[in-house]
1. Could you tell me whether residue B:323 is crowded, with 20+ Cβ neighbours inside 10 Å and either out of contact with any helix residue (DSSP H, G or I) (no Cβ under 8 Å at 6 or more places or on another chain) or more than 14 Å from chain A (Cβ to nearest Cβ) (or both)?
2. Can you name the residue in the range B:452-468 that is under 16 Å from residue B:391 (Cβ atoms) and surrounded by 24 or more Cβ atoms within 10 Å (Cβ to Cβ) and is also farthest from the other protein chains (Cβ to nearest Cβ) among such residues?
3. When you scan the range B:35-146 for helices (runs of 4 or more DSSP H) that lie fully inside it, which ones turn up with 3 or more residues that are surrounded by 19 or more Cβ atoms within 10 Å (Cβ to Cβ) and assigned by TED's automatic domain parsing to the domain that holds residue B:170?
4. Anything in the range B:310-341 that is in a helix (DSSP H, G or I) and farther than 17 Å from residue B:284 by Cα? List them, or say none.
5. Here are B:486, B:481, B:536: which of them is assigned to a helix (DSSP H, G or I) and closer than 21 Å to residue B:456 by Cβ?
6. Mind listing whichever residues of the range B:439-451 are buried (at least 23 other Cβ atoms within 10 Å of the Cβ) and closer than 18 Å to residue B:503 by Cα?
7. Residue under question is residue B:102, and the condition is that it be farther than 19 Å from residue B:569 by Cα, away from chain A (no Cβ under 14 Å) and in contact (Cβ under 8 Å) with a residue 40 or more places away in the chain; does it hold?
8. Checking residue B:581 against (1) buried (at least 17 other Cβ atoms within 10 Å of the Cβ); (2) in contact with a strand residue (DSSP E or B) (Cβ under 9 Å, 6 or more places away or on another chain); (3) more than 17 Å from residue B:66 (Cβ to Cβ), which single condition isn't satisfied?
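The values are calculated or read from the model by the stated rules, or taken from the named source; none is laboratory data. Only a predicted model underlies this, so the values are computations on that prediction, with no experimental measurement involved. Heads up, the Cβs are rebuilt from the backbone with ideal geometry, glycines too, and the neighbour counts pull from every protein chain shown.
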C-alpha cells in the first residue's frame with residue numbers, strides 16, 4: 001500500500017523518519033479539530049507525535065497519494081514559522097470554509113466497490129452530532145497508526161467542534177486504507193452529489209474545453225488565473241486586473257488561502273492580515289517555506305516578483321504556491337531566465 | 001349495452017336503481033373519456049363495477065410508475081384500448097450509478113405483448129428503462145400508427161436504433177431523446193427520415209453529441225410545417241440556427257446549438273431578425289458554450305418566454321441579469337451556479353412570476369471552486385419571487401436561518417430539493433445541524449409534495465417531517481438521521497408517502513420493519529448503505545407477500561449485510577428477469 005504523505009499546514013511537524021525537520025511540537029490538539037491523517041510508515045506509534053497529527057491538515061484519502069506530493073519537508077506554515085506556536089490560539093473557524101473535506105473525505109469509488117465506504121459512519125450510527133467529525137478524523141489517538149487517513153467519508157464536513165473520539169471508526173478506516181491509492185484529486189462518493197451522469201459528463205467536458213481556451217473565459221478586461229497551493233484541496237482563481245502590484249496580489253492570496261493554515265494567526269493570536277501582508281510576501285519569497293511561483297507563456301515556472309508588474313500580468317498563466325524546498329531549485333532558473341529575457 | 005338498458009327499464013326495483021348508473025354505459029364511457037389525469041381515473045374506477053368497466057374501456061393512456069408493479073399481460077387485460085403508454089423502470093438512484101448495470105427494466109417484454117394487444121399503439125414514453133436497438137427496430141416496424149417516442153434517462157441503445165425509428169415510422173410526430181446513456185455512433189440517423197416525411201412536430205436530439213448532416217436537417221425542418229419543438233445539439237452553429245429559424249418561425253420550444261460562433265455583423269443582424277420572427281417561443285434551452293456577446297440576438301424572442309433552461313450554459317451573473325431583463329414572463333428557470341449569488345439577485349429582481357428555479361453545479365466535485373451559489377442567493381430569489389413553489393438548489397453551504405427566511409417568503413413550496421453538496425455539513429455559521437431548516441420547510445409549506453434533505457441532520461428532522469408533512473409524497477434522504485427512530489417517524493407520520501429513497505443513513509431493520517403496513521400504499525422504497533441485514537429483509541418479504549423485496553449485493557461485502565434494498569408493491573409477483581446479483585426474497 002502506498003503511503004500517503006503528510007502535509008502539516010500548521011507547522012507542527014513531528015519528528016519522523018520522513019526527512020522532516022523537527023519543528024516545534026506544540027500540542028495543539030486541544031484547539032484544533034482533528035484532521036484526517038495520512039499515514040506513513042514511521043513514527044506513527046509515537047504518541048506525542050500523534051497529538052500533533054491530530055491537528056494537522058490533511059488532504060488525504062485512504063492510501064492516497066496525490067501526484068505532486070513528494071516526500072519532503074513538512075511543517076511549513078504559509079505565513080512564517082514563528083507563527084506556528086500560536087496555532088493554539090487559533091480558532092478552528094477557518095476550517096469552516098474548508099469544504100475540501102467533503103471531496104477528500106470519500107473513499108475512492110474507482111478503487112473499490114462502493115461498499116467499501118458504506119461502513120463509514122452510517123453503519124455505526126453515532127447518534128450525536130459529532131459523528132460528523134469523521135471527516136477530519138483524527139483517526140485515532142493512539143493506535144491510529146496505520147490508518148489514519150482518511151476522512152472516512154461520513155457525513156461530515158463542516159467544522160467539527162471539539163474532536164470527537166473516533167476510535168469506533170478505526171476499523172472502518174483500516175478497511176478504507178486497504179484500498180490502495182486512489183488518485184486523491186478524484187475521490188468521490190458514488191452517486192454524490194446526485195447529478196445525472198449525462199449532465200456531469202457534459203458539463204465537465206465543457207469545463208475542460210473552456211479551460212483550454214485560456215484562463216479568461218470572461219471578456220477582455222478580466223485576467224483570471226488559477227492559483228493552486230501545495231496540499232490545498234482545491235484551487236482558486238484570481239483576476240490579475242484587480243491588483244496593481246505584487247503587494248496587493250500577495251495580500252489577496254493570503255486572504256484566500258488563509259483557511260488552509262491554522263498557523264496563520266499573527267503573534268498576537270489574532271488574524272492580522274493586513275499587517276502581515278508585506279512581511280508575508282517576503283516570507284513567501286525569501287523563506288524556505290512557501291514560494292509564490294507562476295507559469296509563464298512558455299510553460300516555465302518562474303519565481304514571482306522578478307519582473308515588473310505589467311510584464312508579469314502579461315505573461316502569467318497560472319500561479320502556484322509551492323513548498324520552499326521545491327522552489328529553491330526554481331529560483332536560480334528564474335533568475336537566469338529573466339536575465340536572458342531581459 | 002342494450003341489454004343493460006332493457007334490464008334497467010324492466011326491473012326498476014330500488015336495489016337495481018341504486019346499483020345501476022343512470023347513464024347507459026356508452027354515455028358513461030364518453031363522459032369518462034374526457035378525464036385525462038390517471039389519478040382521477042383511478043378514483044373513478046373505484047366507484048363501482050360499472051364505472052370500473054366504463055373507465056377501463058375508455059382509457060387510452062396508461063401510466064405505469066414502476067414497470068415491475070404490474071405485468072404487460074395484466075395491463076392489456078384490464079385496458080383494451082390503449083394508444084399511449086408511459087413506463088418508468090429503474091429506481092431513481094440509478095441516475096447516480098447506484099443501481100447495478102444489468103438490473104432490469106427492459107422494455108422488450110412489454111413490446112412483445114403490445115404488438116398483439118395494442119397493434120395501434122401510438123405513443124411510448126420511457127423513463128429509466130433499458131431499450132435495445134433491436135427493440136427500437138421492432139417497435140418501428142410493428143406498429144404502423146406509431147407516432148411518438150420519448151426516452152428520458154434510458155440506456156441500452158445506440159443511434160442505430162434511432163435510425164430504425166426514422167426509417168420506418170411513417171407517421172412519426174415526436175422523437176424526444178433526452179439525457180440517455182446512448183451509444184452515439186454518429187449523426188447519420190437523422191438522414192434516415194425519408195424525403196417524403198413531413199409529419200414531425202417534436203424533434204429533440206440536444207443531448208446527442210455527434211454532428212448531423214445540416215442540409216438534411218434543414219430540409220427536414222423546412223418540410224415539416226407542423227414542427228413546434230426543435231432542440232438541436234451542439235454541432236449546430238449560430239449561422240445554421242438562423243437558417244433553421246427562418247424555416248420554422250412557428251416554433252414554440254427551441255433548443256439552440258452552440259452559441260459561440262464568430263458572427264459578422266450581418267449574420268448577427270440576420271440572427272436577430274430570425275429570432276424576432278419567432279413570436280411563439282415559450283421555452284428556450286441549449287445555448288451550449290454560450291458567449292454572452294451573442295445573447296442580445298435572442299432578446300426579441302424572449303417576450304413570451306416562460307421556461308428558460310440555461311443548465312448547460314455557463315453564464316456569469318451579470319450576463320444572466322442582462323438577459324433576464326428581457327424575460328418578464330418567466331415561470332421556470334434552470335441555471336448553472338456560474339451565475340453565483342449575483343445572478344440570483346438578478347433573478348429576484350427581474351422575475352416576479354417565477355415558479356420554479358433549479359440551480360445546478362458546474363463543478364460538483366469542486367476541484368476548483370471558482371463559482372458557487374450560497375444561502376444569500378437563495379434568499380435573494382425568495383425575496384423577489386414570491387410565487388416560487390419548486391426549487392432544486394445545489395450549494396456547498398447553507399444556514400438554518402436562510403432556509404427559514406426563504407420559506408417565510410415563499411410558503412407555497414410543493415417541491416423543495418436542497419442539496420448541500422458536502423454530506424453532513426452543518427449550518428456553517430452556527431455549526432448546528434440543519435434540522436431547523438427542514439423543520440421550517442415542513443411546518444410552513446403545507447402543500448409540500450416532494451422533499452430532498454441534505455446537510456447534517458439528526459432524527460429531529462424526521463420527527464418534523466412525520467409531524468408536519470402531511471402531503472408529502474416523495475422523500476429523498478442521504479447521509480442523515482441518527483437512529484431507526486427517524487425513519488419510523490416518517491413512515492408513521494406521512495400518510496401520502498409514495499416514494500422513499502434513502503442512502504447512507506443509520507436506519508436498520510427495526511426501521512424497515514416498522515413500515516410493514518405502509519409499503520403497500522407506496523410505490524417503492526429504496527435503501528442503500530444503511531444498516532439492513534438480509535434477515536431483516538427476509539422478515540419483511542415473509543410478512544408482506546405482495547411486496548417484492550430485492551437485495552442487491554456488492555462484491556466483497558459482508559454476507560449478512562443488505563447493501564442495497566429495493567422494496568415495491570406489485571401484483572405481478574417476483575420478477576423473473578433479475579440478474580444473479582439481485583436477490584428477490
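1. yes
2. B:453
3. Values: elements: B:38-45, B:49-58, B:72-78, B:108-117, B:133-142.
Those helices (runs of 4 or more DSSP H) span B:108-117, B:133-142.
4. B:317, B:318, B:337, B:338, B:339, B:340, B:341
5. Answer to the selection: B:486.
6. Within the range B:439-451, just B:451 meets the criteria.
7. Numbers: farther than 19 Å from residue B:569 by Cα: yes; away from chain A (no Cβ under 14 Å): yes; in contact (Cβ under 8 Å) with a residue 40 or more places away in the chain: yes.
Yes; evaluated as a whole, the condition is true for this residue.
8. Failing condition for residue B:581: (1).
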